[in-house]
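Okay, so here's the structure we're looking at.
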Amino acid sequence: MSTQEAYPWTFDAMFLITTVTALYYGYMLIITLYSKSEAFKSAFFMIFRVTGFFDIIGIFAVEWVRTDRKSGFGPAIEPFTRTMYAMTGVCFFTHLFGSFSMTLNRYTAVCFPWVYGKIWTSKNVRILLLVDVIVAFAAHIELFYTRFLYKRVDSGWKGLGRESPIPFVRIVSSCTTIVYGCVSVILISRTIYIAVKVNKKSKGHHKMGLVLFVAFDCLLGLVDCIYESADLFGLSDDNALFIWITNNITLLMFFILSINAYSMTFLSKELRVEAIAPFRRKFCPRQSSDAAITVVISKG
């Protein structure tokens, strides 16, 4: 099957995956926002919600960019396309900062519990998140006004790239990704070491899952760093690895921005219970009632 024949199916499948993932992510955020559980009112989940909000925006922005790279929307809606490209960078930064903040939150909770409450107050978290968003936009402000160029071809429009290079954004993105990956691995390793040392009886699969997800997130971030560096130094067409990353960068960005939704579901038992509860009440009302009675009796 030719690429032209395969493209519509690929587009439809990826669009469906993007939509389902965004809806699922949004549902997780709503669950944590409206749940009466005290756990979801913590600083950790405040960061998770704000990071998730920008992740969802980024997921749709990446889908727009992917379609433009394949078929080209043309100069008619270039300002909107330019905004979508810029938002992928902004949302990538908010994802990095948010994920790092959640890692730092767990690190202080386990390693420095006596100062945790003083550091992670609601006021401090709101300030942290505000700074996170401001820095993310400031670092990518150049992308909002550097236009894209298009060339008319038989099948429509072909993108020619930006009208001028963006070395500052490339350098900042690469350096931030490297620092995030290195520091995150150190913090999460130290967190797990202390947690296991303090509680010998705790099960390890949960903590190992956290390691794997952080490692996977860092690996994807490293791939983006390679992409930014290759573009900065003009190496995008000089190596098979660079070519593969360039051709699949939107797919990799989709994985980066959606990983928190699935990792949080895997790691948080309370979130899984809250997420399933509405469906259980609707389709298994008797089972839900029995569970509620059991809880009441056990508390009595």
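Read-outs: derived from the displayed coordinates by stated rules, not from any lab. Keep in mind the model is a prediction, meaning the values are calculated, not measured. Note that we place each Cβ from the backbone using ideal geometry, even for glycine, and neighbour counts take in every protein chain shown.
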So, relative contact order of the stretch 67-158 in percent, Cα under 8 Å, 6 or more apart, is 56
Listed with the fewest Cβ neighbours within 10 Å leading, ILE259, ILE186, ILE17 appear as ILE186, ILE17, ILE259
Inter-part gap, Cα centre of the stretch 33-79 to Cα centre of the stretch 160-181, in whole angstrom, is 20
Checking rank on 45-55, 261-271, with mean other Cβ inside 10 Å and highest first, the result is 45-55, 261-271
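When you count, for each residue, the other Cβ atoms within 10 Å and take the mean per peptide, how do 117-125, 63-71 rank with the highest first? Before the final figure, lay out the partial values.
On the way: 117-125: 12.9, 63-71: 18.3.
The packing order, highest mean first, is 63-71, 117-125.
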Sorted on mean Cβ neighbours within 10 Å (highest first), peptides 172-180, 145-153 come out as 172-180, 145-153
Note, the stretch 63-73: 3J(HN,Hα) by Karplus (6.51, -1.76, 1.60, θ = phi - 60°), whole Hz, Gly/Pro = x, goes 5, 5, 4, 4, 5, 5, 5, 7, 10, x, 7
